[in-house]
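Worksheet: one structure, shown below.
The values are calculated or read from the model by the stated rules, or taken from the named source; none is laboratory data. Only a predicted model underlies this, so the values are computations on that prediction, with no experimental measurement involved. Quick reminder, even Gly has a Cβ in these numbers, built from the backbone with ideal geometry, and neighbours come from all protein chains shown. The area values use the complete protein model at the heavy-atom level, side chains included, leaving out ligands, DNA and RNA. Shrake-Rupley method; radii C 1.70, N 1.55, O 1.52, S 1.80 Å.
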Amino acid sequence: MGISYQTVSMDFKKIFQMNEKLFVGLAGLASDVQTLDQLLRFRMNLYELREEREMTPKVFTNLLSNMLYEKRFGPYFAEPVVAGLDENDKPYLATMDLIGATSSTEDFVVAGTCAGNLYGMCETLYKKDMEQEELFETLAQALLASVDRDALSGWGGVVHIITKEGIISRELKGRQD
Amino acid sequence: MGDSAYSFSLTTFSRTGKLLQIEYALNAVANGRTALGIAATDGVVICTDKKFSSALVEGEGVRKVERITDGSGVVYAGVGPDYRVLVRKARKSSQAYYREYRETKPISQLVKSTASVMQEYTQSGGVRPFGVSLLMAGMDGDGTPRLFQVDPSGAYFGWKATAIGKNYVNAKNFLEKRYQEDMELEDAIHTALLTLREGFEGEMNGENIEVGVVSKSDGKFRLLTPSEIQDYLDEAN
């Protein structure tokens, strides 16, 4: 996380766990990333209290999309990536632009300053029906190779693997430049 | 009753701790045509009597059982025009919910928001309470079929089976005897019709009652057609 060429922090948190089977990653302006995390937490907590049930990824995605579009003419400068398991433990992925245009896919979703690089790496390395270990390797390689070619991205990475048994989180060490 | 001396405005408590306007609203409900509902293991049925003051009344023009979302419906006892306002508000709030969450508003949330609206009208200036009690039937967030009653005060109750409006005491007694925990939707519909018949003056047929059903199998609320109702009535004979 930085200001133009200057690095401010190398451990800025941009992936947030919303519930046991739902994560959201937010790329973009740091204060909007943090504010959206807080707002999403707020909305989710109210939902869980009122409805006495957990939010599914699809509902969460729609909520987020709605929240972003509400600010259509003064948007949050953040592009989210939603990942989780739905009520049948089937994987769910979605991304959207800063005003809430959603795209949900079966294979991969990307966001950030080096989104172009990420698309290229994912397209090349992705295979259907990977197991946990292979998934982690693929994700890590795609991420590291993409950020290395972007001046504004890098200083390592964080990976969360979401399974019905639990979450496995690992930190990546890449080129520290 | 000395109580009524304290009934200056809706929003003032009487000495005995009552809000008289709400009591009077409940009287309006008790004078309304009977409505009842039964929750079965695999669905909910709600129905009401639709007897008209004259044979010249065109039945099609008036709808008492209304659908709010795909998976929920409502019926009332009391003042019709007040009911229609609540139906509009409930439908709008369900659509707003769908826009936000892309999911159908569950019945429990619908009940809470409708009850909240009704409560507002007991604590605001220049308004009076709604003169209706509602029976709301639908699918909950976990796929369970549920039946709720909402009163003019904004109080709501979940029911296995209940009746409101004229003759509700007898109807509830009848239901208490007939209700069984493991009742299925088909039995519930039959029981509901039998209960309705108890207080019905004259001949009951598919044209002078309305029945709405939400079934667990498809999670959808729908109104039974007059011929379907007639079939159930014929079976019961």
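Let a ≥ b ≥ c be the square roots of the eigenvalues of the Cα gyration tensor of the stretch A:1-95; is it rounded (a/c under 1.5), or, if not, prolate (a/b larger than b/c) or oblate?
Note, shape of the stretch A:1-95 comes out prolate.
Quick one: net charge of A:GLU171's neighbours, Cβ under 14 Å, K/R +1, D/E -1?
After counting each charged neighbour, the total is +3.
What is the projected area of the convex hull of the Cα atoms of chain A, averaged over all directions, in nm²?
Values: hull surface 40.9 nm².
In nm², the orientation-averaged hull projection of chain A is 10.2.
Compute the angle between helix B:185-198 and the longest alpha-carbon principal axis of chain B, please, reported from 0 to 90 degrees and rounded to the nearest 10.
For B:185-198 against chain B, the angle is about 60 degrees.
Using unit Cβ charges (K, R positive; D, E negative) and no other charged atoms, how large, in debye to the nearest 20, is the dipole of the stretch B:1-132 about its Cα centre?
Magnitude of the dipole: close to 240 debye.
Semi-axes of the equivalent ellipsoid for the stretch B:99-183, please: Cα gyration tensor eigenvalues, times 5, square-rooted, ordered largest first, whole Å.
25, 22, 7
For the pair B:ASP42 and B:PHE157, what calculated FRET efficiency results from E = 1/(1 + (r/R0)^6), where r is the Cβ-Cβ distance and R0 = 30 Å, to the nearest 0.05?
Efficiency at R0 = 30 Å is approximately 0.85.
If you line up the long axis of helix B:226-236 against the longest principal axis of chain B, both from Cα atoms, how many degrees apart are they, to the nearest 10?
70 degrees
Using a 1.4 angstrom probe on heavy atoms only, work out the carbon and sulfur share of the accessible area of the protein assembly as shown in %. Numbers along the way, then the final one.
On the way: 11020 of 22110 Å².
That share works out to 50 percent.
With springs only between Cα atoms under 10 Å apart, run a GNM on chain A and tell me which of A:GLY156, A:GLY74, A:GLY116 wobbles the most.
A:GLY74
In the structure shown, do any of A:LYS13/A:LYS164; A:LYS13/A:LYS173; A:LYS58/B:LYS105; B:LYS89/B:LYS216; B:LYS50/B:LYS166; B:LYS92/B:LYS112 have a Cα-Cα gap over 18 Å, and if so which?
Details: A:LYS13/A:LYS164 24 Å; A:LYS13/A:LYS173 15 Å; A:LYS58/B:LYS105 15 Å; B:LYS89/B:LYS216 25 Å; B:LYS50/B:LYS166 13 Å; B:LYS92/B:LYS112 14 Å.
Table pairs above 18 Å Cα-Cα are A:LYS13/A:LYS164; B:LYS89/B:LYS216.
Please list B:LYS216, B:LYS50 from largest to smallest accessible area, probe radius 1.4 Å, with all protein chains kept in place.
Of B:LYS216, B:LYS50, the descending order of accessible area is B:LYS216, B:LYS50.
Taking the Cα centre of chain B as the origin, how large is its charge dipole in debye, to the nearest 20, when only Lys and Arg (+1) and Asp and Glu (-1) carry charge on their Cβ atoms?
1120 debye
On C-alpha positions alone, give me the angle between the axis of helix B:80-101 and the longest principal axis of chain B, in degrees, nearest 10.
That helix lies at roughly 80 degrees to the long axis.
Taking only the alpha carbons of the stretch B:1-158, what extent do you get along each of the three principal axes, in Å, biggest first?
49, 44, 28
Translational D (Stokes-Einstein, µm²/s) of the stretch A:39-94 at 4 °C and 1.567 mPa s when Rh comes from the Kirkwood sum over C-alpha pairs?
105 µm²/s
For the protein assembly as shown, what mean projected area does the convex hull of the alpha carbons give, in nm²?
Result: 27.4 nm².
Would you compute, from DSSP H runs of 4+ residues alone, the mean residue ellipticity of chain B at 222 nm, taking -39500 (n - 2.57) per run and dividing by the full residue count, rounded to the nearest 500? Working shown, then result.
Working: 6 runs with 83 residues, N = 237.
Result for chain B: -11500 deg cm²/dmol, rounded to the nearest 500.
Quick one: work out Rg over Rh on the C-alpha atoms of the stretch B:47-121, Rh as Kirkwood radius.
1.04
Please calculate the 1.4 Å probe accessible area of A:CYS114, with all protein chains present, and give it to the nearest 10 Å².
Probe radius 1.4 Å; accessible area of A:CYS114 about 10 Å².
Given charges of +1 on the Cβ of Lys and Arg and -1 on the Cβ of Asp and Glu, with all other atoms neutral, how large is the dipole of the stretch B:116-217 about its Cα centre, in debye to the nearest 20?
360 debye
Which shape class applies to the stretch A:92-164: rounded if a/c is under 1.5, otherwise prolate when a/b exceeds b/c and oblate if not, where a ≥ b ≥ c are the square roots of the Cα gyration tensor eigenvalues?
The shape class here is oblate.
Kindly provide the helix-only [θ] at 222 nm of chain A, computed as the sum of -39,500 (n - 2.57) over DSSP H runs of four or more divided by all residues, to the nearest 500 deg cm²/dmol?
Rounded to the nearest 500, the figure is -12000 deg cm²/dmol.
Between A:GLU52, A:GLU137, A:GLU106, where does the largest GNM mean-square fluctuation fall for chain A, given springs only between Cα atoms within less than 10 Å?
Residue with maximal mean-square fluctuation among A:GLU52, A:GLU137, A:GLU106: A:GLU52.
Once each part is reduced to its C-alpha centroid, what is the distance from the stretch A:123-166 to the stretch B:82-106 in angstrom?
42 Å
With a 1.4 Å probe and all protein chains left in place, how much accessible area per residue does chain A have, in Å²?
Per-residue accessible area for chain A comes out at 59 Å².
Does any residue of the stretch A:33-61 lose at least 40 Å² of accessible area with all protein chains in place compared with its chain alone, and if so which ones (probe 1.4 Å)?
A:ARG43, A:ARG50, A:GLU51, A:ARG53, A:LYS58, A:VAL59
Taking the radius of gyration and the Kirkwood hydrodynamic radius from Cα positions alone, what is the Rg/Rh ratio for the stretch B:146-237, to two decimal places?
With Rh from the inverse mean 1/r over Cα pairs, Rg/Rh is 0.95.
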